[in-house]
Each structure stands twice: as C-alpha cells, then as structure tokens.
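The values are calculated or read from the model by the stated rules, or taken from the named source; none is laboratory data. Computed from a predicted model, the values in this text were never measured in an experiment. Positions of Cβ are generated from backbone atoms using ideal geometry, with glycine treated the same way; all protein chains shown enter the neighbour counts. To get the accessible areas, we keep the full protein, side chains included, count just its heavy atoms, and leave off ligands, DNA and RNA. Shrake-Rupley method; radii C 1.70, N 1.55, O 1.52, S 1.80 Å.
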Amino acid sequence: MNFEFTEEQIMIQQAARDFAQRDLITDVIERDAKAEFPTEHMKNLIKLGFLGMNVDPKYDGGGMDTVSYVLAMEEISKIDASVSVVMSVHNSLACYAIEKFGTEEQKQKYLIPLASGEIIGAFLLSEPEAGSDASSQRTTAEDMGDYYLVNGTKNFITSAKCGSIYILMAQTHPEKGHKGINAFIVEKDSTGITLGPHEDKMGMRSSDTHSVMFTDVKVPKENRLGEDGFGFKVAMKTLEGGRIGIASQALGIASGALERAIQYSKERKAFGKELYKHQAIAFKLSDMAVKVEAARYFCLKAAWLKDMGQDYGVASAMAKQYAADIAMEVTTEAVQIHGGYGYSKEYHVERLMREAKLTQIYEGTSEVQKIIISRSLLKD
Ligand SMILES: Cc1cc2nc3c(=O)[nH]c(=O)nc-3n(C[C@H](O)[C@H](O)[C@H](O)COP(=O)(O)OP(=O)(O)OC[C@H]3O[C@@H](n4cnc5c(N)ncnc54)[C@H](O)[C@@H]3O)c2cc1C
C-alpha cells in the first residue's frame, strides 16, 4: 500500500489550489449573492484541462487518473463548489457516459468537443416525480423508426443552460419498467427543448440549475447510448463515478471550512486568550480534522479502485455518504467556532454550510447511499 501521490498528482493538486485561491476567491461571495454563473472562471478551468481531465488523450482529454480528479475537486470545492459541480457533472457524468458507453462515431462527434472543454455537458435523470426512485421515469422516448420522439420534463438540471450536450434518460418501453429506459445524447439546441427559470437555490447559487422541458423533440436513432433498454444501467453505472466527484466536493467543502476555523481560532480572542487555547474549541477542531481525514481516505480509496479497474460502486457510495454527512457537521462546527461572524457572509463558512447541504441530496441522497451500501452487505 502506498500513501504517496505521484509528482503529476501533486502538480495537478497545486494547479487546482492556485486557481481556487488566486482566482475563484476574488468574487465567490458576490457571485453567490447574485446567483451569477462563473463564465470567466470556466475559461481558466478549460485552460487547466480540468474539463475532460479523465478522458483518453486520443479524444482530446487530459488522460489524468481519478485520484488526480479527487485532488483537484477538493481544492476547488474548498473555495467554490458552484464551479466544482459543473466540473463534476461534466467529467464524471457527461464525458464518462459517452466514453464508456458511446460508439466511436458518438465519441468523435461529442466526446472530443466535451473533452477539450469546447462545450459543457449535463446529465438529465431527475424528474418532478422521479428523484430517488429514478426508475419511474415519465419522460418518454417513442421509437419512430429512424428517430425517437421525446416528451417530458426533467428538473433540477445542473448546467442545463451553459451545457450544449445532454445525457438524457427516458422511457421507451413502459411495460418493461426500468429495463425499458434508454439513454441518449441530445443536443440542447434541438427543436422542442425549453428551459425553466434559473432555480433560486440555498447554496451553490452560482451554478446553473434549471428544469428542462421536451416537446416532440426528435432525437436521431444513432444518438442512443448502448443497446435498447440499457439506459438505466448507463445512468446507474455513470452515477457510481459521479459519486466520487460529489464525495470529493463534500470533502473540499469540509476541509475548506476546517482551514478557515483553524485560522479564525488563532486570530480571535475570548476571555483573554485565542480561541484555540480553549480546549473545547481545540477538541472541536480535532474532531473536525479526524472526520475530514477519514472522508479523504474514502474518496481516494474509491478513486484508486476505479483507476485499478476494480469495482468501486460500494466504495463510492460510502465515500459520498460519509463525506456529505461530515461536510454538514464540519461546516456547522466551523460556523459555531466563528460565533456571530460565522453567520455573516464575509467569513465564507455560512456559504460552505449551505453548499454542504446539497452534497447530501444530489446524485443520490445520503439515504439512497445507505440503500446501496446495505444491499451490498445483505446480498447472498
Ligand atoms: C441543486 C440541484 C442540482 C441537481 N442536479 C441534477 C442534475 O444535474 N441531474 C439530475 O438528474 N438531477 C439533479 N438533481 C436532482 C437530485 O439528484 C434529486 O433532487 C435527488 O436525487 C433527490 O430526489 P428528489 O428531490 O425527488 O427527492 P425524493 O426522492 O422525493 O426524496 C425525498 C426524501 O425522501 C428520502 N427517500 C426517498 N426514497 C427513500 C427510501 N427508499 N428510503 C429512505 N429514504 C428515502 C430521500 O432520501 C429524501 O430525503 C439536482 C438537485 C439539486 C437540488
């Protein structure tokens, strides 16, 4: 067992840290307040090669491993999870689904521009009445011969507006249940697609979230991902890797809050001494650090399994559940350590706490992760 990172992994971590601490920090509070998309920062994210970072270089990707992805996600999420969610959905969901399940033609047409960051990808599974129970898809994709006719509504879609390519799940054979679902690559500009208003969210306010309506949208047959009826498997397998992204995002939010709490406890005095000299505060910091470190190991273990070509489904569920839950705990304690100042926008920790909450909800709630983990324990 080797706990050391390679030189390349350390370089990627440092590049992500520099980008976050130098660029993202400058306007993160303002963008959060205005719910403004980080358009300019996305250009730097592309220059860094972080959009498409795991894709094979033969499709213009960065060819970086999943461990590097975790390191970059943590650093960016310490400062701005609204940016890291775009990065996570793009890499783990959109690029992965096409690279893993796409035909060569689909890769040439869609993966290459996605992997170079020329266009952004989104993942459309959730519906107003199909969230945790994603198998009860109501959006339909009727087989019309050489195309599918799509009708329905997806909601809470990250990068719905900034994205050009959608990975869409829809039901083709309702009588077959989840085995009737198909996955498609859909161009956002297709006739019949309309977006709802930008969601006014609690956290990750500067990421782009909309509902997406499909009215008689024609999707060419060659845009189906995988065999007929394979769409639910595409979605579930893709989300296994997505969880590594969101787990590392939660880790970054927690470690960012811990760093801020440590710093503040050295600056602020109460009862004649710095906060950290009160053992109650020092012990809080210690508890927070243990949780952050454990979450880091979970994330890296899941990433390492993926890089080794081993099964990482349960490991990524454990990473996501644990990292998301401790992100909520650690950010709440960080606000507590900041006292009244923690409740003001200026000190960042209240925003980190709002961001942490979302990691317990999307890409499978914490309860859904427990379903996955417990099923794996109980199967014969
Ligand atoms: C900001 C944001 C961005 C998002 N981005 C995307 C995206 O890009 N693409 C996409 O497809 N989706 C996206 N989502 C949707 C997200 O994945 C869903 O909200 C999530 O899966 C939960 O579904 P739901 O909201 O319908 O809640 P429900 O499924 O209705 O769940 C409500 C509550 O019940 C619990 N629950 C449900 N079933 C069970 C059970 N069997 N046992 C125990 N507890 C249960 C849940 O854990 C939750 O606490 C996003 C959501 C948000 C808020």
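A few notes on this one:
- Value of relative contact order over the chain, rounded to a whole percent, pairs C-alpha under 8 Å and six or more apart: 16 percent
- Estimated Rh, region 147-209: Kirkwood, alpha-carbon pairs, angstrom: 13.3 Å
- Scaled against the 2.2 N^0.38 Å expected of a compact globular protein of N residues, the Cα radius of gyration of region 1-99 reads 1.08.
- Integer Hz, Karplus 6.51/-1.76/1.60 couplings in order for region 217-229, x for Gly and Pro: 7, 8, 10, x, 4, 5, 8, 6, 9, x, 5, 4, x
- In the context of the full set of protein chains, residues of the chain present 44 Å² of accessible surface per residue (probe radius 1.4 Å, heavy atoms only).
- Each label was represented as a point 7 Å from its Cα along the Cα-to-Cβ direction; for Asn44 and Glu222 these points are 4.0 nm apart.
- All Cα-Cα separations within region 1-52 were binned at 5 Å from zero, giving a P(r) of 4, 17, 22, 21, 14, 10, 6, 4, 1, 0, each value a whole percent of the pairs.
- Built amide H within the under 5 Å cut-off of Phe123, gap 5+: Thr158, Ile167
- Radius 12 Å from Cβ of Glu274, net charge of other residues (Lys, Arg +1; Asp, Glu -1): +4
- Using alpha-carbon coordinates, inclination of helix 366-378 to the longest axis of the chain, degrees: 80 degrees
- Cα-based radius of gyration of region 202-298 once divided by 2.2 N^0.38 Å, which approximates compact folds: 1.81
- If the chain linking Lys233 and Asn151 were pulled fully straight, counting 0.36 nm for each residue of separation and taking away their Cα-Cα distance, it would gain 27.4 nm.
- Across the protein chains, with a 1.4 Å probe defining accessible surface, the residues Leu24, Leu258 rank Leu258, Leu24 from largest area downward.
- Over all other residues within a Cβ to Cβ distance under 13 Å of Arg17, the charged ones net out to -4, with Lys and Arg as +1 and Asp and Glu as -1.
- Cα gyration tensor shape for region 107-212, rounded if a/c is under 1.5, else prolate or oblate: oblate
- Compared with the direct C-alpha span, the chain from Phe271 to Met144 gains 38.2 nm at full extension, assuming 0.36 nm per residue.
- For region 165-207 and region 315-340, distance of Cα centres in Å: 30 Å
- Separation of alpha-carbon centers, region 213-278 and region 90-161, rounded to whole Å: 19 Å
- With the simple spin-label model, which puts each label point 7 Å out from Cα in the Cβ direction, the Ala294 to Thr215 separation comes to 5.1 nm.
- Taking the inverse of the mean reciprocal distance over all distinct Cα pairs, the Kirkwood hydrodynamic radius of the chain comes to 21.1 Å.
- Rg(Cα)/(2.2 N^0.38 Å) for region 62-137, N = residue count: 1.24
- Cα long-axis angle, helix 231-267 against the chain (0 to 90 degrees, to the nearest 10): 20 degrees
- The chain: angle of helix 313-337 to the longest principal axis, Cα-based, in degrees nearest 10: 40 degrees
- Ligands, DNA and RNA left out, the 1.4 Å accessible surface of region 1-140 is 51% carbon and sulfur atoms.
- Region 322-375 - Kirkwood radius from inverse mean 1/r over Cα pairs (Å): 11.8 Å
- For the residues Asp208, Asp311, Asp228, a 1.4 Å probe over the protein chains yields an accessible-area ranking, largest first, of Asp311, Asp228, Asp208.
- Available extension along the chain between Ile361 and Asp380 is 3.9 nm, counting 0.36 nm per residue and deducting the alpha carbon span.
- Accessible-area composition of region 245-375, carbon plus sulfur, in percent [1.4 Å probe]: 58 percent
- Measuring only protein heavy atoms, the 1.4 Å probe finds Lys273 accessible over about 80 Å².
- Of the chymotrypsin sites (Phe, Trp or Tyr not before Pro) found in region 192-280, those that fall in a DSSP loop while having at most 12 other beta-carbon atoms within 10 Å are Phe271.
- Scanning the chain for GluC sites (Glu not before Pro) in DSSP loops with at most 12 neighbouring Cβ atoms within 10 Å leaves 228-380 as the longest stretch between them.
- Theoretical ellipticity at 222 nm over the chain - DSSP helices of four or more residues, -39500 (n - 2.57) apiece, nearest 500: -15500 deg cm²/dmol
- Residues in region 157-181 that a label on Glu129 would reach, taking backbone N under 20 Å of a point 7 Å out along Cα→Cβ: 157, 169-181
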